[in-house]
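One structure is given here, and the rest of the page talks about it.
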Amino acid sequence: MAEYEPVIGLEIHVQLNTRTKMFCGCRLSSGDPPNIHTCPTCLGLPGALPVVNGRAIHFGIMIGLALGCEIAERSLFHRKNYFYPDLPKGYQISQYDVPLCLGGHLGDVRIHRVHLEEDAAKLNHLGTSGRIHGSDRSWVDFNRGGTPLVEIVTEPDIRSPEQAREWLILLRTTLRQLGVSDVDMSQGSLRCDANVSIRPAGTTQLGTKTELKNMNSFAFLERGVRAEIERQERLLAAGEEVVQETLHFDPVSGSLTPLRSKEEAHDYRYFPEPDLVPLLATEEMVAAARADLPAELPAERAQRFEQKLGLHADTAKLFAYRAELGDYFERALAAAGADGARNGDGALEPAELSNWIPQLVERIGSDADPATSNVTPESLATLATMVKAKEVSRDAAREVLTMLVQEGGDPRAIVQREGLGAITAEDDGLAEIVDRAIAADPAAADQVRSGNMKAIGPLVGFVMRETKGRADGGEITRLIRERLSS
Amino acid sequence: MSDLIDLTAAQAAERIGAGEIDPAELFEAYRQRAAADELNAFTWVAEAPPTGDGRAQTPLKGVPIAAKDLFCTEGVPSQSGSRILEGYRPPYTATVIQKLADAGAPLLAKTNQDEFAMGSSNENSGFGPVLNPWDRRRVPGGSSGGSAAAVAAGLAPWAIGTDTGGSIRQPAALCGIVGLKPTYGACSRYGMIAFASSLDQAGPLTRDVTDAALILRNTIGRDPHDSTSLEFPGTIELPSAEDLKGIRLGVPEDLTGAEGGIEPGVMDNFKQTLALAQRLGASIEPCRLPHAPHALSAYYLIAPAEASANLARFDAVRYGLRVAGDEDLTTMYSRTREEGFGAEVKRRIMLGTYALSSGYYDAYYGTAQKVRTRIADDFRAAFERFDFIVTPTSPCTAFELGSKTDDPLAMYLNDFLAVPMSLAGIPAISIPSGLSDGLPVGFQLAGPAFSESRLIDAAYALERAIEFDGSPARG
Amino acid sequence: MLDKAQVLHVARLARLELSDDEVDRMAAELSHVLDHIEKIRELDLEGVPPTSHVVDVVNVLRADEPTPPLPREVILAAAPEPLNDGFGVPSPGAQ
């Protein structure tokens, strides 16, 4: 059976956090009572007209610059025509063949285009589940209608569900840093659809793609994409064809259901919006957007972590793409710098400090923000520095970390309280324990004497147990070999 | 009282300013005439004069105005002549109506019109046809038929209508009054129930050119609510020209020479008016507008296309007629629109939807927009040699009710002299230039963008010389 | 040139439930109009830019400042089916 390679592209909608809507002065809202932020324009009343929000354009250009896009000198708004209750005018004002931005890339995924449009209103359904099936009456809340949206479409450069998830996290971090959106998937300010197809590995022709909708968390995105890849693989293995369709992913059941098409294949009948005038991205506008970009975006931060601080590439990306980890790490690094100077003894390497972040994350949950835990960056830095200075063994430090997560506080105090300070070769007690280990397992000792280093394991284990992990494993090994070679 | 209604708006304003007339009395005189209307010119008439006395200080002094049904007027029915909006009272007022009210011209009445401004005879109204005061067996023209009939019959001192493809100028011509379509963008479209966004413009229908200038002066201006509205360069001057010395008039034979296009009586009158213009000192020469003969085709692709999108909001969700609300969504949409829209509107929605649809966009809508560029270029070139382009406004005088309703194309052909100016976005005015078999004929002058003051001045000089008597229509 | 199937397709796009008579009439009328309009396709328009905007203006932008909304009771007063402080409609799923 042929090996298939997934080909994935993402289509992302970002709600901008301007104060007012895309084409009128109504406030944006969240969780407000229905229909209190409306006007003739966003209600689609007869005679109403749209007027473009300049700040939304500014944010759009910022996003384009951050994604390395070409900002179009001249772009147009178009009408996208279809009927639905959440679309008051019977058309959405969007951009079609002359969008604000073309090209670009983020990380290792190319961007196809970025454009501006208005969000639809909210259609609510009566009935017990609040879901559309099984309800008979729906009602529309126009508060959301008209919210500025940026649509970002990638090239189909993504090759795995994991990569899709990781890339979306990078995008979210980037947009958050720009300050242009809350980018909260659970609130709907970041929405992601995926286009998925598969093809025999090593070929270049694209297979038929399907569109996946309703993945409103990073985890659901990964699972949905994976489920769809598997479904397509099963189809092809059974000699059937993939049909182009739109599918709804249900994260609870893991099932993919074809969405009943709103109407047959859409004919949106795009034409340039006659109620608006062309948009020219002047030098001033682009310069103003560039001036509002943060000094360092996540992709750049990853590079700095790797190249300047010597972090492993994967770690660098992880810390940059998840800004909370990167921020925490840099605070700890700053604290360690000060600490290191005080200790004097060989400052802690950034890479060494970085190893402690995953240890912390393991203990607080992979989606949690370390800054909200009981472990301050300063205490993590202190702990790492103590390990480096051999004041406490690595194993003991892990125990201390667990306690820090539970109760917070100062690692030195915990070490003292629990008696977890390192036992080193200078302590007589350790030499005595090593002798007892050798005496307890003469067979292993003989093996080591005759050159078989692998046999040293049980001896080291004995000492570790006796010292309750307070001695450093490397130290123990060195001592045992010393003893046995004499 | 008959004295009052024989005054032009400007004359009435002057008398009010001089303390000779009480604006409330003027309002009431017109209100009663409007309420007793037999031409079906109105969809709503005020029940009482406006309160307050602030109008003494305003430019228009309280001379009331009638507004076409499609202008949103807060709390007052605004239906664009359609059953799908029957009784709809908007929560806001159109900018130009507000400007007029602020300038001292309160709302007297809303006038009947072809449904959604689509028509050239006012026979497409959801509320019945309007009758021409010159001959009640005949149409007043459209789509601003009610406005034109009302002004011609002395039921309103003046009116504000809209022109998309001749809808002010053609009814003005058929009713023997003045009608002006300004430069596109000169007046705000905010609050005008849309027909074709890139063509619709508000403009005056008046007894004379001076009244038209007064309305224009108080309706132009950039509106932050309308992205396509512009700051008018310069001011609108009241006309004073006594002759046409040095004025170069161009006659586009690509239009006026159209075979079988223009009625002989209308053509005769046109030639007489040209001769008069010459006596006033104008030079007359033929000019070329090579793409103008295709303007009608381009118009009947662009306007319906934009309209098909503009009318998609009538979906029974937020306002207006609802039919079959207990059926499924698609049925509710389709039956509401089927019953709420009249035949002409449905025809144009279909035409426009088709012109934009997949596979046809380039051939139809796309091509029409290119023709439009060429038409604008033709006018620009012509205006390098001529001050104004002149034509008869309408190819015929008022025709009988029902005589063209069987043939949509025949009805569309009524617009062929007016539509080129709409596509080019340039201003054009129609003034009554005489009678043909007892029915009014209109003379059209078109000028470059923002030439309204000069255009009005030239029209005024001609108007003075023509001395058209509109009083027979006032009964 | 516009047959019945095409008329029905366009009517569906435009959400118009035309009667059988209307479909026939529409096919004839639109064909007649299109025959006339078709002639513009014979023009040589090579290289001519379409007029997408009539006014020679660009970048009409509004400051991001809130303006007063319409009161809810006013907008719902026009609603054919006020429901839950919103606009009631048949559920789209129920088709």
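Can you confirm whether C:Val10 is assigned to a helix (DSSP H, G or I), farther than 24 Å from A:Arg79 by Cα and without any contact (Cβ under 8 Å) to a residue 60 or more places away in the chain? Lay out the reasoning, then the answer.
Numbers: assigned to a helix (DSSP H, G or I): yes; farther than 24 Å from A:Arg79 by Cα: no; without any contact (Cβ under 8 Å) to a residue 60 or more places away in the chain: yes.
Here the answer is no, as C:Val10 does not meet what is asked.
For residues that are touching a Pro at 6+ places or on another chain (Cβ under 9 Å) and closer than 15 Å to C:Val58 by Cβ, scanning just segment A:271-305, find the one that is farthest from the other protein chains (Cβ to nearest Cβ). In this case the residue turns out to be A:Glu273.
Scan segment B:333-355 for residues that are out of contact with any helix residue (DSSP H, G or I) (no Cβ under 9 Å at 6 or more places or on another chain) and facing chain A (nearest Cβ under 10 Å) and jot them down.
B:Tyr333
Checking the condition within 25 Å of B:Leu216 (Cα to Cα), among the hydrophobic types (A, V, I, L, M, F, W, C) and not in a strand (DSSP E or B), which residue from B:Leu423, B:Leu413, B:Leu409 passes?
Details: B:Leu413 fails: within 25 Å of B:Leu216 (Cα to Cα); B:Leu409 fails: within 25 Å of B:Leu216 (Cα to Cα).
Going through B:Leu423, B:Leu413, B:Leu409 in turn, the sole match is B:Leu423.
For segment A:74-87, the criterion of a residue being at the interface with another protein chain (Cβ under 7 Å from one of its Cβ atoms), of a type in the set (S, T, N, Q) and surrounded by fewer than 23 Cβ atoms within 10 Å (Cβ to Cβ) is satisfied by no position.
Screening C:Leu2 on (1) buried (at least 17 other Cβ atoms within 10 Å of the Cβ); (2) more than 7 Å from every other protein chain (Cβ to nearest Cβ); (3) more than 18 Å from B:Tyr361 (Cβ to Cβ) shows it passes everything except condition (3). Only one of the numbered conditions (1) within 23 Å of A:Tyr270 (Cα to Cα); (2) surrounded by 18 or more Cβ atoms within 10 Å (Cβ to Cβ) is violated by A:Asn143, and that is (1). Contact map, segment C:38-51: residues that are without any contact (Cβ under 8 Å) to a residue 12 or more places away in the chain paired with residues that are of a type in the set (Asp, Glu), Cβ distance under 9 Å, separation 6+ or inter-chain. Pairs shown: C:Val48/B:Asp377.
Is it the case that C:Ile40 is β-branched (Val, Ile, Thr), closer than 30 Å to C:Gln6 by Cα and not in a loop (DSSP other than H, G, I, E, B)? Yes; evaluated as a whole, the condition is true for this residue.
For every residue, the table says whether it meets (1) assigned to a helix (DSSP H, G or I); (2) among the aromatic types (Phe, Trp, Tyr); (3) at pLDDT below 95.
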residue: A:Pro50; (1), (2), (3): no, no, no
residue: A:His58; (1), (2), (3): yes, no, no
residue: A:Gly64; (1), (2), (3): yes, no, no
residue: A:Lys80; (1), (2), (3): no, no, no
residue: A:Leu87; (1), (2), (3): no, no, no
residue: A:Tyr96; (1), (2), (3): no, yes, no
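Checking each residue in segment B:106-154 for being among the aliphatic types (A, V, I, L, M) and surrounded by fewer than 24 Cβ atoms within 10 Å (Cβ to Cβ) picks out B:Leu107, B:Leu131.
Picking from residues in segment A:7-61 that are more than 21 Å from A:Thr282 (Cβ to Cβ) and among the hydroxyl-bearing types (Ser, Thr, Tyr), the one that is farthest from the other protein chains (Cβ to nearest Cβ) is A:Ser30. Checking each residue in segment A:1-45 for being modelled with pLDDT under 95 and either buried (at least 18 other Cβ atoms within 10 Å of the Cβ) or more than 30 Å from A:Gln205 (Cα to Cα) (or both) picks out A:Tyr4, A:Ser29, A:Ser30, A:Gly31. Any idea which residue in segment C:44-73 is modelled with the lowest pLDDT, counting only those that are buried (at least 16 other Cβ atoms within 10 Å of the Cβ) and more than 7 Å from chain A (Cβ to nearest Cβ)? Of everything passing the filter in segment C:44-73, C:Val54 is modelled with the lowest pLDDT. Only one entry of A:Gln244, A:Gln187, A:Gln205 meets the criterion of being free of Cβ contacts under 8 Å to residues at least 24 places away in the same chain and among the polar types (S, T, N, Q), and that entry is A:Gln205.
Could you tell me which residue of segment B:313-329 is surrounded by the most Cβ atoms within 10 Å (Cβ to Cβ), considering only residues that are in contact (Cβ under 8 Å) with a residue 40 or more places away in the chain and within 10 Å of chain A (Cβ to nearest Cβ)?
Of segment B:313-329, the ones in contact (Cβ under 8 Å) with a residue 40 or more places away in the chain are B:314, B:319-321.
Among the residues that remain, those that are also within 10 Å of chain A (Cβ to nearest Cβ) are: B:314, B:319-320.
On the way: B:Phe314: 27, B:Tyr319: 25, B:Gly320: 23.
Selected residue: B:Phe314.
Only one entry in B:Leu60, B:Leu108, B:Leu85 is in contact (Cβ under 8 Å) with a residue 40 or more places away in the chain and under 20 Å from the mean Cα position of the chain (by Cα), namely B:Leu108.
So, B:Gly81, is that one surrounded by fewer than 24 Cβ atoms within 10 Å (Cβ to Cβ) and among the small types (Gly, Ala, Ser) or not? If you could, list the steps in order and put the result at the bottom.
Numbers: surrounded by fewer than 24 Cβ atoms within 10 Å (Cβ to Cβ): no; among the small types (Gly, Ala, Ser): yes.
Against the criterion (surrounded by fewer than 24 Cβ atoms within 10 Å (Cβ to Cβ) and among the small types (Gly, Ala, Ser)), B:Gly81 does not qualify.
Please verify whether segment B:46-62 includes one or more residues that are under 22 Å from A:Thr41 (Cα atoms) and not in a loop (DSSP other than H, G, I, E, B). Within segment B:46-62, none of the residues are under 22 Å from A:Thr41 (Cα atoms) and not in a loop (DSSP other than H, G, I, E, B).
Only residues that are over 23 Å from B:Gly154 (Cα atoms) and outside any helix (DSSP H, G or I) were counted across segment B:445-475, and they come to 7. Identification of helices (runs of 4 or more DSSP H) wholly contained in segment A:280-388 with 1 or more residues that are over 25 Å from A:Val415 (Cβ atoms) yields A:283-291, A:298-307, A:313-321, A:323-343. Can you say whether B:Leu289 is more than 9 Å from every other protein chain (Cβ to nearest Cβ), surrounded by fewer than 22 Cβ atoms within 10 Å (Cβ to Cβ) and more than 30 Å from C:Ala78 (Cα to Cα), as far as the supplied structure shows? Judged against the criteria, B:Leu289 is not a match.
Residue by residue, here is whether (1) surrounded by fewer than 24 Cβ atoms within 10 Å (Cβ to Cβ); (2) more than 13 Å from chain A (Cβ to nearest Cβ); (3) in contact (Cβ under 8 Å) with a residue 60 or more places away in the chain; (4) farther than 30 Å from B:Gly176 by Cα holds:
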residue	(1), (2), (3), (4)
B:Ala303	no, no, yes, no
B:Leu311	no, no, yes, yes
B:Thr331	yes, no, no, yes
B:Ser357	yes, no, no, yes
B:Val390	no, yes, yes, no
B:Glu400	yes, yes, yes, no
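The values are calculated or read from the model by the stated rules, or taken from the named source; none is laboratory data. As the structure is a computational prediction, the values presented were derived from the model and not from experiment. Here Cβ is always computed from backbone atoms with ideal geometry, including for glycine, and neighbour counts include all displayed protein chains.
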